[in-house]
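Down below is the structure, laid out as structure tokens.
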Amino acid sequence: MSASYDIAFTLNGVKTQLSVPAEMSVLDMLRERLGLSGTKYGCGEGECGACTILVDGATVNSCLMFALDCDAREVLTIEGVSSTESGARLRDAFVAAGAVQCGFCTPGIIVQASHLIERDPGVGEAAIRRGLEGNLCRCTGYRKIIDAIAAAGRQKTGTDHVFPGGTDERR
Ligand code: FES
Ligand code: FES
């Protein structure tokens, strides 16, 4: 059995300390040690993006990062992103656009999308497609996902009208 090491980091805004084996991935730490099952295990090889999280504001495939490397970092998972304004807008936009089918890719895509619209709320289709290059979806064909991200960005800039309840009634 390998040695464990103590780490301390900020997880979804909360100071967190735990002891992790040297070879443990961030994905396993989140799901198995911390009970945060929103981040999904797809391929385990950095190909699908289902495990996308934010570390110090950058998107990361959590299956490829060692838990040890979270030490002294800021980690945001889908659970944390969901409670942000952009996360809530994206959730509502995904529902309104019908951009969720099986939903397995959705947490990773919403984390990636929140990163995109935080950097540029007016992000266009080409940039959304580039931003999603590392996030695979087997169900939707991406059209509705792209529409939802663009709509959430427009709502952030106030160029789209959001009706009470958070849905865009023009759809
Ligand atoms: S599970 Fe991490 S990229 Fe697929
Ligand atoms: S909705 Fe099923 S993989 Fe994307």
Filter pass, E79 being closer than 22 Å to A152 by Cβ, in contact with a Leu (Cβ under 9 Å, 6 or more places away or on another chain) and of a type in the set (D, E)
yes
The residue from R130, R89, R154, R138 that alone is open to solvent by 20 Å² or more (accessible area, probe 1.4 Å), farther than 30 Å from A22 by Cα, of a type outside the set (V, I, T) and within 15 Å of ligand 2 (Cβ to nearest atom) is R138
State whether the residues of region 95-109 include one that is within 16 Å of ligand 2 (Cβ to nearest atom) and of a type in the set (F, W, Y).
yes
Checking G122, G103 in turn, the sole residue that is farther than 18 Å from A58 by Cα, assigned to a loop (DSSP other than H, G, I, E, B) and in contact with a Ser or Thr (Cβ under 7 Å, 6 or more places away or on another chain) turns out to be G122
Residue set V111, V75, V95; condition open to solvent by 80 Å² or more (accessible area, probe 1.4 Å), of a type in the set (V, I, T), touching a residue at least 24 places away in the same chain (Cβ under 8 Å) and on the phi < 0 side of the Ramachandran plot; output residue V95
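The values are calculated or read from the model by the stated rules, or taken from the named source; none is laboratory data. Just so we're clear, the structure is a prediction, and the values are computed from it rather than from any experiment. Neighbour counts run over all protein chains shown; Cβ positions are idealised from the backbone, glycine included. Just the protein is used for accessible areas: all its heavy atoms, side chains included, with ligands, DNA and RNA removed. Shrake-Rupley method; radii C 1.70, N 1.55, O 1.52, S 1.80 Å.
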